[in-house]
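Taking it in order: structure first as structure tokens, then the write-up.
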Amino acid sequence: MFNYPTAENSIFVIVDIQSRLLPAMNDPEQVLNRTQMLVKGMSELKVPIAVTEQYPQGLGNTVPELAELFPENTAVVAKTSFSCFGENAFAELMDVSKRPVMIIAGIESHVCVTQTALDALNAGFQVFIAADAVSSRKAADLDTALSLLRHAGCTVASSEAILFMLLKNAKHPAFKAISQLVR
């Protein structure tokens, strides 16, 4: 069954957008820009945000341009497993019965994003991939990952489309703020 994303049923997951990883990605500026837009939009809509950092001792923390936007209660989980669900601290934050829709941005699309999305599907989540807020070092790896994720059952959409799905209506109280973000 398809769960339409709403502010009440969604969680936003940012996978490994770290200081030593992001510069190596294909089009890192787009990933950063679109993820910043999503963080601001999710904050406006009061959608909870969870963040992971792959081996932060070696790869650094989340890039400061993004981390400074996180709401006060944002969970940041260090991990060594490729799937975020491989870390108990992350898995314990995810409650499919309360928030059955997971929206994902991050890197690398063909490794950590894909494994997290597949595990989220297996856990019963409806998964949305923000296509313009994910990347890999090689464009071909990104394309292959998005194709695999579509075939596995994820919805792949632009960051802007996801924000407007969450709004549903121009009468939503956050419409004006979201409209300003996407310009």
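The values are calculated or read from the model by the stated rules, or taken from the named source; none is laboratory data. Source: prediction; values computed, not measured. Positions of Cβ are generated from backbone atoms using ideal geometry, with glycine treated the same way; all protein chains shown enter the neighbour counts. For the accessible areas, the whole protein counts, side chains as well, though only heavy atoms, and no ligand, DNA or RNA atoms are used. Shrake-Rupley method; radii C 1.70, N 1.55, O 1.52, S 1.80 Å.
General remarks:
- Selection of the range 34-69 for residues being over 13 Å from the mean Cα position of the chain (by Cα) and hydrophobic (A, V, I, L, M, F, W, C) yields LEU45, LEU59, VAL63, ALA67, LEU69.
- Hey, GLY106 open to solvent by less than 50 Å² (accessible area, probe 1.4 Å), at positive phi, under 16 Å from the mean Cα position of the chain (by Cα) and not β-branched (Val, Ile, Thr) or not: yes
- Hits in the range 133-159 - residues which are surrounded by fewer than 21 Cβ atoms within 10 Å (Cβ to Cβ) and either touching a residue at least 40 places away in the same chain (Cβ under 8 Å) or among the polar types (S, T, N, Q) (or both): ARG137, LYS138, ALA139, THR144, SER147, THR155, SER158
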